[in-house]
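Notes follow the structure.
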Amino acid sequence: PPQFNGASYFVEVRFEDGHREKALIAAKYDATAKKALAFYSFNIAIRRRPIAVDLYRFSDNSYPSVSVQSKTELLHIRPIELPSENPLAGLPPLLRVGRGWLGDSSQPNVHEFCITEDECNSERHTIEWRSDIGSENIVYRSTLSSETNGGATLFKVPTRRQWDSKEYTIIVLATRFYNDGKGTSPLLSEGPFTDDGSSDIDATHGIRIWAPWELNESIPVGIYHSLPGVFKISAEAAGGNSRQPLLELDVSLNIGTITAPPTSAPTKRPSSGPTPSPVPVRYHIEWKVGTCVTEGESSEWAPPYLTKEDCCNAHMAYEFNLCMSRSE
């Protein structure tokens, strides 16, 4: 139909019996709009027992120039849990939009590892919300214990592999920010970095949650699912205010390993020849120690730099002095 010309989005509905159905959404992709709110709706017979709705975007084409081979990007997963006795009781609440709500699900799902720096910094790993409290007066909590890893909070999420019952650990990183990346700091930091607008009660607050393949490449091949309800995040007003949490998230992982790890950049020093010449030292970020090092190998996600200053400025500008002061 002509009204679908240029359509760049579609949904895939998954059902309890394993059946899947796709539906095209008559909405065009606007590359100039960094953030925009759009609505779509359709009906599903509840007797068919849907379990999830996945939202996709065609990466390099639009209708009618698309096919089953077209590249796609998964934008959002909306799980649906319907009780067997009363399916209506399991329907998700209506989408709320306005102060305090930007349309993000309260059950974010980490569904893939990121490899390159650009992938890990992608906006698809972010959750944004609003309140009536400035960012500098908001404190985040989690049900999981954590540690600081460079400029992020590191969580070790317990998971199980799809075809066995053994428990494995997936490492996830998280940061907090406001207003398009200002004040970026570890999610659970007690004293967040302040910047212009950090006290603004009309600010947009953000959380970025991602699973870097570099910190998880030692796990066995497979698909992993986090234990139900084990990884929850909440936001509350600083100062021990007794009011209800400002935000509550139930984070889940449904994630598969990467069969081909990122290609390492060649860093092996050449052997000495008859007229040896000095070999320049290269620095790359090592998130496990939170600084730039020369030992080991760089990768696509941790590219080499000529100086430690350049490396720290590229990866840890928010904690530049700390990065420079740490030794290898």
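The values are calculated or read from the model by the stated rules, or taken from the named source; none is laboratory data. The shown structure was predicted, so the numbers you read here are calculated from the model rather than taken from an experiment. Please note: Cβ atoms are built from the backbone with ideal geometry, for glycine as well, and neighbour counts cover all protein chains shown. Each accessible area value is taken on the protein alone, full model and side chains, heavy atoms only, with ligands, DNA and RNA left out. Shrake-Rupley method; radii C 1.70, N 1.55, O 1.52, S 1.80 Å.
Return the residue satisfying two criteria in turn: it lies in region 43-71 and is in contact (Cβ under 8 Å) with a residue 40 or more places away in the chain and under 26 Å from residue 108 (Cβ atoms), and of such residues it is farthest from the chain's Cα centre (by Cα).
46
So residue 294 ticks every box in (1) closer than 30 Å to residue 205 by Cβ; (2) at pLDDT 65 or above; (3) surrounded by fewer than 16 Cβ atoms within 10 Å (Cβ to Cβ) but one. Which box is left unticked?
Every listed condition holds for residue 294 apart from (1).
Scan region 162-172 and give yes if some residue there is on the phi > 0 side of the Ramachandran plot and open to solvent by 70 Å² or more (accessible area, probe 1.4 Å), otherwise no.
No, that holds for no residue.
Output the number of the condition that residue 92 fails; it satisfies all remaining conditions of (1) under 27 Å from the mean Cα position of the chain (by Cα); (2) at pLDDT 85 or above; (3) open to solvent by 40 Å² or more (accessible area, probe 1.4 Å).
(2)
One residue is enough: does region 100-110 have a residue meeting the conditions surrounded by 17 or more Cβ atoms within 10 Å (Cβ to Cβ), assigned to a strand (DSSP E or B) and modelled with pLDDT of 85 or more?
Yes, region 100-110 has at least one match.
Run residue 52 past the list (1) open to solvent by 40 Å² or more (accessible area, probe 1.4 Å); (2) at pLDDT below 90; (3) within 16 Å of residue 74 (Cα to Cα) and report the number of the one that doesn't hold.
In the conditions (1) open to solvent by 40 Å² or more (accessible area, probe 1.4 Å); (2) at pLDDT below 90; (3) within 16 Å of residue 74 (Cα to Cα), residue 52 misses (1) alone.
In the list 233, 258, which residue meets the criterion of being at pLDDT 70 or above and surrounded by fewer than 19 Cβ atoms within 10 Å (Cβ to Cβ)?
258
Restricting the first residue to region 111-136 and requiring it to be in contact (Cβ under 8 Å) with a residue 24 or more places away in the chain, which pairs with a second residue that is in a helix (DSSP H, G or I) and open to solvent by 20 Å² or more (accessible area, probe 1.4 Å) meet a Cβ separation below 8 Å and a spacing of at least six or different chains?
Listed pairs, sorted by first residue: 114/125; 115/214.
Residues that are within 16 Å of residue 26 (Cβ to Cβ) and open to solvent by 60 Å² or more (accessible area, probe 1.4 Å): does region 64-79 have at least one?
Yes, some residue in region 64-79 is within 16 Å of residue 26 (Cβ to Cβ) and open to solvent by 60 Å² or more (accessible area, probe 1.4 Å).
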